[in-house]
Amino acid sequence: MTAAPARETDWEALRGAARDVMSRAYAPYSGFPVGAAALVADGRTVTGCNVENAAYGVALCAECGLISDLVAGGGGRLTAFTCCGRDGERLMPCGRCRQLLWEHGGPELLVDTPSGVRPMSEVLPDAFGADDLARHGSRPDGRRNGSGGAQHANGAEQQANGAEQHANGAEQHANGAEQQATGAEQHGTAEGAQ
């Protein structure tokens with residue numbers, strides 16, 4: 001699906017949605033709240049704000065929340081995107097977020113940048129995407145990554161293995177407790193013999 005032309009996008013309304021969600025950002029460490037808003041091909045608007053964490057590496061950018069909103073709402077293709085900081089001025093997405101936007105909007109996604117509206121193909125030239133995975137044969141069975149059946153089966157197998165490991169761990173824990181009790185008993189017997 002192709003993106004709506006820039007003249008058909010109500011950029012002021014989209015920027016307003018970004019400013020609104022930015023006001024709900026959780027940014028106690030940086031003091032730099034960020035809001036993002038995007039239009040979906042089906043007409044929905046999705047939003048996200050940054051969510052920081054004391055463990056800085058696990059903080060979520062506003063675009064991460066926006067993509068979660070998109071997927072949780074049924075998915076779809078992004079057609080127009082904007083992002084702003086506390087002062088309402090437009091911000092450029094970081095590298096990781098550009099990759100997220102490419103995945104869900106493609107090269108035609110219109111990005112509201114400080115220098116004007118530009119297609120994602122200019123914001124992230126030569127982007128890595130699903131076609132690269134298919135072209136370079138990332139799966140030994142010839143199927144593209146993302147074939148849900150195989151991933152689901154593998155996930156179920158891993159979950160079963162995890163349950164088995166958990167059971168083994170519980171058994172080892174019980175054996176350890178038994179050994180500890182036997183050791184204490186032997187220790188008590190050894191003290192009594194002295």
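Since every read-out is calculated from the coordinates, none of them should be taken as a lab result. Given the structure is predicted, the values throughout are model-derived calculations rather than measurements. Methodologically, a virtual Cβ is constructed for each residue, glycine included, from the backbone with ideal geometry; neighbour enumeration extends over all protein chains shown.
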Open item on the list: Suppose each label sits 7 Å from its Cα in the direction of the beta carbon; what would the A134-E103 distance come out to in nanometres?
Closed with: 1.7 nm
TODO: At 7 Å along the Cα-to-beta-carbon direction for both A59 and W11, put a label point, then send me their distance in nm to one decimal.
DONE: 2.8 nm
Open item on the list: Sort 124-132, 59-67 by the packing proxy (mean of other Cβ within 10 Å over each peptide's residues), most packed first.
Closed with: 59-67, 124-132
Open item on the list: Less than 11 Å Cβ to Cβ from M120, Lys/Arg counted +1 and Asp/Glu -1: what total charge do the surrounding residues give?
Closed with: -1
- [ ] Decide, for the range 14-89, between rounded, prolate and oblate: order the square roots of the alpha carbon gyration tensor eigenvalues as a ≥ b ≥ c, take rounded if a/c falls under 1.5, and otherwise choose prolate if a/b is larger than b/c, else oblate.
- [x] oblate
